[in-house]
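The values are calculated or read from the model by the stated rules, or taken from the named source; none is laboratory data. Computed from a predicted structure; not experimentally measured. Please note: Cβ atoms are built from the backbone with ideal geometry, for glycine as well, and neighbour counts cover all protein chains shown. Keep in mind that these areas ignore ligands, DNA and RNA; they rest on the heavy atoms of the full protein, side chains included. Shrake-Rupley method; radii C 1.70, N 1.55, O 1.52, S 1.80 Å.
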Amino acid sequence: MNAMLLLVQRLSYDVEEEIYSEVSLAIEKPEVYFENFKERLDERGIDSPIDQLAWISLVDALLDHDLAFEIDWKESGLYLCDVVDELLDRKKMACISWEDFEDGEFDELPTSQYLNEISKRLSEKGVSLACLDIESD
């Protein structure tokens, strides 16, 4: 639980209190969280509290505050670069030049490997990219 709440602090930027309260509720009172966010969870096909509810609450809260994007497992690479630029912009950080990615070298990579290449580029700038797989298409 403590590790999850520390992760919330690291990812929540300027809305920490709001995200922290949602995730805490999902951890401490999953039935109450489920009732409060039933419509949101229904869109994910979740019809009762599940073990992964805290993770889902974190993902949904980050999405609600434009601090995360849901991507398909087979997205195009340049779309992923655009998504990362939007996340950087949301956190008021400078966008990255993706010229190296436009030459086609990475075009055939699966999404997960493309994200690894993006992550390498970001780490050169002291930025980390976090990916959470919620095992949903």
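Contact map, region 54-77: first residue in contact (Cβ under 8 Å) with a residue 24 or more places away in the chain and at positive phi, second residue open to solvent by less than 80 Å² (accessible area, probe 1.4 Å) and of a type outside the set (Phe, Trp, Tyr), Cβ cut-off under 7 Å, separation 6 or more or different chains; pairs are Asp66/Arg90.
Being within 17 Å of Glu135 (Cα to Cα) and outside any helix (DSSP H, G or I): is that true of Asp14 here?
Numbers: within 17 Å of Glu135 (Cα to Cα): no; outside any helix (DSSP H, G or I): yes.
Judged against the criteria, Asp14 is not a match.
One line per residue, one yes/no per condition, for (1) β-branched (Val, Ile, Thr); (2) at pLDDT 95 or above; (3) within 26 Å of Tyr114 (Cα to Cα):
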position: Asn2; (1), (2), (3): no, no, no
position: Glu16; (1), (2), (3): no, no, no
position: Glu28; (1), (2), (3): no, yes, no
position: Lys38; (1), (2), (3): no, yes, no
position: Asp42; (1), (2), (3): no, yes, no
position: Trp55; (1), (2), (3): no, no, yes
position: Ala68; (1), (2), (3): no, no, yes
position: Ile71; (1), (2), (3): yes, no, yes
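Every listed requirement among (1) open to solvent by less than 20 Å² (accessible area, probe 1.4 Å); (2) not in a helix (DSSP H, G or I) is met by Ser24 save one, (2).
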